[in-house]
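Single-structure report; data block below.
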Amino acid sequence: MKTFLVLLDLDGTIIEIKWCSPVSLIDESINKLQDVFEALQRESILSTIMECSSDSSLLINLDHQPLLNVQSKLNLYGIKSNNGVYIFAVDDQFCLDPFDNEQMRKLISRFMFLLQGNDQKQGFHNPESTRFLFEEIQLLNNELVNTKRMLEKSNAKLSVLNKELSNRLVKDPLTGLVSRYQYRSEIEYQIRQHQDKLGVFMFIDMDDFKSINDTYGHQTGDDFLIEFANRLKNMPLPNSAKLRIAGDEFGVFIYGLKSVEPSDLESYWELIKRHIINEPVVIDHHTLVFSLSCGMAVYGQDTNEIYEIIEYADFAMYKAKKAGKNRYSRFNLEEYKDVKLKKD
């Protein structure tokens, strides 16, 4: 059975994948949901997303949408969320066999509105929680008389899961790190768990990684990224989330800090040098010497916004590259404002 639940921006950009089965259904290179489907369907899918965003009381249904390069069609259901639009998709056979189509549509409708209601109350911060809810609703199809009572039980279980399940995230398929679809949710979760504490976001970019792919091929490049990710995972940083942002861009969010001094940032950079950079990577008898550029921004000092802390660290990383690479840079708000002013 092919199915997924995603949270989207209004232009179809994927903010987060709640679940996807099979995982390959939405390739990591795809940024916009409509690109999963055949070209002729993309305009109607985008229109559905926009229509959902205009009215929180609407549940929009779009049937028989053919997937790109796959002999399969999906039925789509869309509803507005706090941060965008939820789209739930399931293949045709799921709604026709073995379940009665009309009954299944009613159950999916209840699922989507319950999803929206919980999102408004507390947010869906764990994909397993959301999957659990839908699987419970499938079971209820055999006991329609008790549907209301069972849905209330499912909702209670979901609340418990949202509190207990904190680390079952969608992993990046190549490196095993927290993926680009989930890292913002993981940062938000850790901030909620450590309220009134500081955090440091390190935006890490490899210097001249393209030359590795160009010289040795993409397989060697992938093997290099896997080894880099393993070194990142093994770097001794308690209370940290280690993430793959995209391509050769990685991140580390250190949370639950009482204070952050310049010496702390220097010690983080020393850890990166000692555990990641100092030893070359050897792949198929090729010895690959490499360097990194890193930008650091402090949550609770530079900003209290998730999207800003990532952007600020990214800005500081590019400052490190311009200064000669193979170094780190601390974010400076005045520099950032000056650059933005010049661009405007």
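Please treat every number below as a calculation from the coordinates, not as lab data. A quick note: this is a predicted structure, and the numbers were derived from the prediction, not measured. We place every Cβ from the backbone using ideal geometry, glycine too, and count neighbours over all the protein chains shown.
Label positions at Ser109 and Met50, each projected 7 Å from the Cα along the C-beta direction, are separated by 2.6 nm. Here r is the Cβ-Cβ distance between Asp222 and Val339 and R0 is 45 Å; the resulting FRET efficiency, rounded to 0.05, is 0.85.
The residues packed around Asn31, meaning those with a beta-carbon under 11 Å from its beta-carbon, carry a net charge of -3 if Lys and Arg are +1 and Asp and Glu are -1.
For the stretch 79-84, the Karplus equation 6.51 cos²θ - 1.76 cosθ + 1.60, evaluated at θ = phi - 60°, returns couplings of 8, 5, 10, 4, 10, x Hz by residue, with Gly and Pro reported as x. Checking the Cα-Cα distances for Lys258/Lys342; Lys18/Lys242; Lys197/Lys319 against a 30 Å cut-off, the pairs over it are Lys258/Lys342.
Give the calculated FRET efficiency between Ser267 and Asn31 to the nearest 0.05, with a Förster radius of 35 Å applied to their Cβ-Cβ distance.
After rounding, the FRET efficiency stands at 0.50.
In whole percents, the pair-distance distribution calculated for the stretch 240-336 from its alpha-carbon pairs, binned every 10 Å from zero, is 14, 47, 30, 8, 2.
For Lys153, a cut-off of 19 angstrom between C-alpha atoms picks up these lysines, skipping any fewer than 8 places away in its own chain: Lys106, Lys121, Lys163.
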